[in-house]
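Engineer: Attaching a single structure in structure tokens format; questions to follow.
Read the figures in this text as sums done on the coordinates, not as results from a lab. Just so it is clear, the model here is predicted, and its values are computed rather than measured. Here the Cβ positions follow ideal geometry from the backbone for every residue, glycine too, while neighbour counts run over all protein chains shown.
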Amino acid sequence: MSDITHDHHDHRPSGWKRWAYSTNHKDIGTMYLVLSMVAAIIGGAASILMRAELHEPGIQFITDPQFYNVLVTAHGFIMVFFVVMPALIGGFGNWFIPLMIGTPDMAFPRMNNVSFWLVAAALILLVIAGFIDGGAGTGWTVYPPLSSADYHPGMAVDFGILALHLAGASSILGAINFITTIINMRAPGMTFHRMPLFIWAMLLTAFLLLLAIPVLAGALTMLLTDRNFGTAFFAPDGGGDPVLWQHLFWFFGHPEVYIMILPAFGIISEIVSTFSKKPIFGYLGMAYAMTSIGVVGFVVWAHHMYTMGFNVETRAYFTLATMVIAVPTGIKIFSWLATMWGGSIKFDTPMLYSMGFIFLFVVGGVTGVTLANAGVDMAFHDTYFVVAHFHYVLSISALFSMYAGFYYWLGKMSGKRYPEWLGRLQFWVTFVGVNLLFFPQHFAGMAGMPRRIIDYPDAYAGWNMVSSWGAYVSAVGGILFFVVLYKTLTSNVKADANEWGVGATTLEWTVDSPAPFHTHEVTPNVAPEPAE
Amino acid sequence: MKKNSNLLSKIYQKFSSLVSLSVASICLLWTQVSHAAEPTPWQWYFQSPATPVMEQIIEFHNLMFFVEVGIVLLVLGLMVYIVVKFNSKANPEPTKTTHNTALEVLWTVIPIVILIVFAVPSMKLLFFMEKAQNPEMTLKVTGNQWYWSYQYPDNGNFEFDSNIIPDEDIKPGQRRLLEVDNQVVLPVNTEIKVLLTARDVMHNWAVPAFGIKMDTIPGRINETWVKVTKIGTYYGQCSELCGVAHSRMPIAVKVVSKEDFKKWLKKAKSEFASSDDNEVLKLAQFKKSK
Ligand code: HEM
Ligand SMILES: [Cu+2]
Ligand SMILES: [Cu+2]
């Protein structure tokens with residue numbers, strides 16, 4: 001297939017212009033991935049600082065509690081908006097949507113460039129927000145009145161708002177680009193019901209972004225005018241209501257968690273199918289399970305607000321609606337297992353990470369069912385149980401899908417094969433680390449330990465110490481990842497065009513490794529053989 | 001056919017008795033081990049309940065807990081089986097199965113059934129927690145940066161503040177970060193309506209042993225209720241990020257007999273000026289500081 005690519009067409013600009021002015025989906029994808037790694041170092045450092053502070057009861061080294069709150073906030077924002085989203089959506093989305101649907105590039109290449117640079121600017125603004133005027137210590141939920149001008153004077157919160165505005169604008173542009181590309185530019189024969197599940201996931205994610213981000217943008221603007229121009233949308237003394245913010249934030253915030261996990265579903269589906277050497281089990285069920293998760297995800301937001309004083313009927317509704325999501329989620333888990341069932345599986349690093357993902361996601365999923373119940377949530381809300389829950393089901397699951405996708409596609413992106421044993425070692429270190437890190441937090445939370453605190457009653461010391469050790473082990477896993485990356489990029493072990501064998505049936509494996517600057521210049525035809 | 005269903009029901013009975021037995025023994029274990037209404041080192045389960053609400057929360061949670069542990073173990077077991085049986089060495093030829101309607105229906109329907117089994121007690125619990133039946137008195141809780149104020153509207157309307165005892169003043173035997181100067185005092189076995197609000201930012205009044213966790217929001221008054229069935233002192237912490245000293249605004253509730261409560265009221269009324277005077281005082285201070 002590599003004869004399709006014409007190298008003489010490759011008049012790519014060189015030097016910094018190649019990157020700064022890039023309209024190439026692969027280069028932009030690479031820039032997103034690099035940005036994600038840079039942000040991961042910042043956000044990861046913040047989390048290690050927090051865990052080191054929480055290693056023992058009492059204040060260790062963060063003498064200003066506001067700084068702890070700033071770390072919590074910065075860590076949450078950076079991980080969500082600048083690590084997970086850029087890697088899964090901007091990075092893998094840009095790289096592999098065109099490759100997998102058989103088109104040369106995204107629909108709007110220049111808009112793609114704008115999307116990236118907006119995120120880069122947003123990251124800078126957000127980091128600045130952490131350092132000026134005492135920083136923003138509001139938590140990633142930015143609840144007023146704590147985030148209002150009375151309690152966070154200074155410009156930190158305003159910088160944070162602007163950062164999110166830019167990141168949001170970038171996401172909306174990216175979503176338009178993805179939707180247009182996927183709907184209009186698929187190779188002939190690739191009907192909706194024959195798209196790879198990764199493409200399904202990215203399409204749904206783009207729709208969620210398009211519908212959820214504007215709500216966040218509106219809320220942020222209202223907060224900005226409350227803070228600076230004397231409006232009182234969220235200020236009770238001006239006739240406003242702090243609870244309005246919570247509704248707006250979580251109307252965005254709950255879909256946001258699916259924005260992070262749907263792409264992960266897509267990646268895991270591709271990898272599980274490839275390594276089992278089997279087509280995905282229950283393909284349509286998988287696609288429509290994701291669709292229904294996306295749709296129902298818009299009507300469950302107030303399960304984050306069970307303690308704010310709703311009337312009981314509202315809480316009953318949100319409890320029942322939230323529980324509904326467990327059904328399509330179960331379908332996904334069992335379909336992955338059924339895909340593996342009867343397979344001939346090679347447990348290379350991407351597959352290890354995928355199995356790790358399934359385990360973590362199930363553990364976080366069942367605690368999610370617990371938390372869905374407004375009655376029981378009285379015992380759990382805002383405790384470390386919730387921190388454990390969302391890191392399992394979302395944060396670390398998403399991280400595992402990023403690692404999985406990286407190992408899976410590194411050969412395609414770089415043309416080099418990563419050292420397998422080092423990859424597996426990196427997996428095991430990380431897997432042990434994150435479980436040591438987050439499992440004990442269930443216990444601390446059940447015993448009553450609140451989240452977002454710099455210091456805790458001495459009785460919680462035991463589990464917190466274990467958790468902190470887990471964080472250090474996870475950090476070693478993170479460092480090992482960069483070692484793998486360095487070793488791979490500097491090695492001379494070439495990756496084959498299709499390094500995973502007969503199971504890898506999607507179109508990106510039909511082009512060379514590394515994927516040439518321009519691909520699919522001749523549109524592949526994927527119409528089914530007449531025999532079928 | 002008959003025989004079959006008999007066998008099934010026997011297995012079911014065995015299983016359910018096993019589950020309830022283990023639930024019961026674990027319940028026993030933790031109520032006996034930790035009678036304290038405060039966290040204990042290496043504690044991994046709930047604090048022992050002191051209200052009917054918390055008892056029901058725990059009971060309902062146990063139902064879910066066992067099913068959920070079962071689900072995790074099932075998935076883990078299947079994964080181990082897959083690793084052993086379907087690795088490329090053990091199984092060089094993959095099957096081509098991509099559909100099994102019966103299986104797909106099953107793993108859709110069984111979760112639905114489980115969720116319905118959860119939803120019924122969940123709704124019962126929720127509606128039970130909602131409102132006191134016959135509240136005999138009212139406690140008003142106000143969150144402030146960074147202390148709590150308590151007010152007894154139908155017992156003379158006096159109000160007092162409850163501040164953390166700083167680390168350096170903690171005496172041996174006292175609990176760091178949980179102990180306050182003025183504990184809020186409540187009578188045992190009394191249905192108490194709790195009204196909650198805040199003066200500055202949001203806080204959250206939470207006492208794990210009571211199964212209470214309610215946001216205090218400026219401009220709003222929230223309502224919940226509590227009926228403590230055991231005399232003792234109960235500890236909790238603010239559970240909504242409220243700024244710099246969020247980790248330093250504990251809640252300590254002293255639950256006493258009804259007689260002791262009456263005695264305490266008398267003392268407290270004279271000790272803490274009525275809240276009306278307080279307001280005047282506060283206004284004066286406010287004006288002065290302006
Ligand atoms: C593996 C390394 C990680 C460690 C050690 C870690 C640790 C922590 C810690 C200590 C907190 C603060 C808990 C508190 O004081 O309440 C936290 C909160 C949080 N983490 Fe992580 N985390 C990690 C990875 C991630 C990832 C990958 C994400 C991606 C989404 C993430 C998202 C969040 C969010 C959204 C919060 C809540 C922030 C808030 O309360 O406003 N974390 N994490
Ligand atoms: Cu949610
Ligand atoms: Cu607080």
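Engineer: Taking only C-alpha pairs under 8 Å that are 6+ residues apart, what is the relative contact order of segment A:232-385 in percent?
Structural biologist: 28
Engineer: Ok, one more. What angle, in degrees between 0 and 90 and rounded to the nearest 10, separates the Cα long axis of helix A:420-446 from the longest principal axis of the Cα atoms of chain A?
Structural biologist: 20
Engineer: Further question on the same structure: Among A:Y68, B:I58, B:V228, pick out the residue whose Cα is farthest towards the positive end of the charge dipole of the protein assembly as shown, where Lys and Arg carry +1 and Asp and Glu carry -1 on C-beta, about the Cα centre.
Structural biologist: Of the options given, the answer is B:I58.
Engineer: Using the Karplus equation 6.51 cos²θ - 1.76 cosθ + 1.60 (θ = phi - 60°), what ³J(HN,Hα) coupling, rounded to whole Hz, does each residue of segment A:165-176 give in order, writing x for Gly and Pro?
Structural biologist: Working through the residues one at a time gives 4, 5, 4, x, 4, 4, 5, 5, 4, x, 5, 4 Hz.
Engineer: With the cut-off at 1.5 for a/c, could you classify segment B:137-273 from its C-alpha gyration tensor as rounded, prolate or oblate?
Structural biologist: Rounded.
Engineer: Something else: Tell me which residues come under 5 Å, amide H to amide H, from B:E159 once H is placed; ignore anything under 5 positions away on its chain.
Structural biologist: Amide H neighbours of B:E159: B:S275.
Engineer: Next question. First measure r as the distance between the Cβ atoms of A:S491 and A:V34, then evaluate 1/(1 + (r/R0)^6) with R0 = 25 Å and state the FRET efficiency to the nearest 0.05.
Structural biologist: 0.85
Engineer: How much net charge surrounds A:D455 when only other residues with a Cβ under 12 Å from its Cβ are counted (Lys, Arg +1; Asp, Glu -1)?
Structural biologist: Once positives and negatives cancel, what remains is -1.
Engineer: Which listed residue (B:M137, B:T197, B:G243) has the Cα farthest towards the positive end of the charge dipole for segment B:137-273, taking +1 on Lys and Arg C-beta and -1 on Asp and Glu C-beta about the Cα centre?
Structural biologist: Comparing the listed Cα positions along the dipole, B:M137 ranks first.
Engineer: Determine, for A:R417, A:R186, the number of other Cβ atoms within 10 Å of each Cβ, and report the residues in order from fewest to most.
Structural biologist: Ordered from fewest to most neighbouring Cβ atoms within 10 Å, A:R417, A:R186 come out as A:R417, A:R186.
Engineer: Out of residues 5 or more away from B:T216 or on other chains, whose amide H comes under 5 Å of its own, with H placed 1.01 Å from N in the peptide plane?
Structural biologist: So B:T216 has HN proximity to B:H203, B:N204, B:W205.
Engineer: Now for a separate question. For peptide A:338-351, how many partner chain Cβ atoms fall within 10 Å of a residue's Cβ, on average?
Structural biologist: 5
Engineer: Within a 10 angstrom radius of each residue's Cβ in B:72-82, how many Cβ atoms of other chains show up on average? Whole number is fine.
Structural biologist: 5
Engineer: Classify chain A as rounded, prolate or oblate, taking a ≥ b ≥ c as the square roots of the eigenvalues of its Cα gyration tensor: rounded when a/c is under 1.5, otherwise prolate if a/b is larger than b/c and oblate if not.
Structural biologist: Verdict is prolate for chain A.
Engineer: Still on this structure: Quick one: angle between helix A:197-228 and the longest Cα principal axis of chain A, in degrees between 0 and 90, rounded to 10, please.
Structural biologist: So the inclination is approximately 30 degrees.
Engineer: Please arrange A:V476, A:V38 by counting, for each residue, the other beta carbons lying within 10 Å of its beta carbon, fewest first.
Structural biologist: In increasing order of surrounding Cβ atoms, one gets A:V476, A:V38.
Engineer: What ³J(HN,Hα) values, in whole Hz, does the Karplus curve 6.51 cos²θ - 1.76 cosθ + 1.60 give for segment A:141-147 when θ = phi - 60°, with x put for Gly and Pro?
Structural biologist: With coefficients 6.51, -1.76 and 1.60, one gets 7, 6, 5, x, x, 4, 8 Hz.
Engineer: How do the peptides A:238-248, B:46-56 rank, highest first, by the average count of neighbouring beta carbon atoms within 10 Å per residue?
Structural biologist: Packing proxy ranking, top to bottom: B:46-56, A:238-248.
Engineer: Once you list every other residue whose beta carbon is under 10 Å from the beta carbon of A:Q60, what net charge do they have if Lys and Arg are +1 and Asp and Glu are -1?
Structural biologist: Combined, the nearby Lys, Arg, Asp and Glu give -3.
Engineer: Each label point is 7 Å from the Cα along the Cα-to-Cβ direction; what then is the distance between the points at B:A102 and B:S257, in nm?
Structural biologist: 6.7
Engineer: Would you mind putting A:89-96, A:381-388 in packing order, based on average other-beta-carbon counts within 10 Å, highest first?
Structural biologist: A:89-96, A:381-388
Engineer: Still on this structure, please answer the following. How crowded by other chains is A:234-246, given as the mean number of beta carbons from other chains within 10 Å of each beta carbon?
Structural biologist: Mean partner-chain Cβ count within 10 Å for A:234-246: 3.
Engineer: Peptides B:260-271, A:360-371: what's the order by average Cβ count within 10 Å, highest mean first?
Structural biologist: Order by mean packing, descending: A:360-371, B:260-271.
Engineer: What is the helix-to-structure angle for A:242-276, meaning the angle in degrees between its Cα long axis and the longest Cα principal axis of chain A, kept from 0 to 90 and rounded to the nearest 10?
Structural biologist: 30
Engineer: For each pair in A:K494/B:K89; B:K227/B:K258; A:K17/A:K412; A:K277/A:K346, compute the distance between the two Cα atoms and list the pairs where it is over 21 Å.
Structural biologist: From the list (A:K494/B:K89; B:K227/B:K258; A:K17/A:K412; A:K277/A:K346), the Cα-Cα distance tops 21 Å for A:K494/B:K89; A:K17/A:K412.
Engineer: Using only alpha carbon pairs under 8 Å that are at least six residues apart, calculate the relative contact order of segment B:137-273 and give it in whole percent.
Structural biologist: 28
Engineer: Give me A:M79, A:M50 sorted ascending by neighbouring Cβ count inside 10 Å, so fewest comes first.
Structural biologist: A:M50, A:M79
Engineer: Quick one: which residues, 5 or more positions from B:M137 or on another chain, have an amide H under 5 Å from its amide H? H modelled 1.01 Å from N in the peptide plane, none for Pro or chain starts.
Structural biologist: Here the answer is B:K193, since their amide H atoms fall under 5 Å of that of B:M137.
Engineer: For A:T23 and A:D64, compute 0.36 nm times the residue count separating them, minus their Cα-Cα distance, and round to one decimal in nm.
Structural biologist: Taking A:T23 through A:D64 to full extension adds about 10.3 nm, to one decimal.
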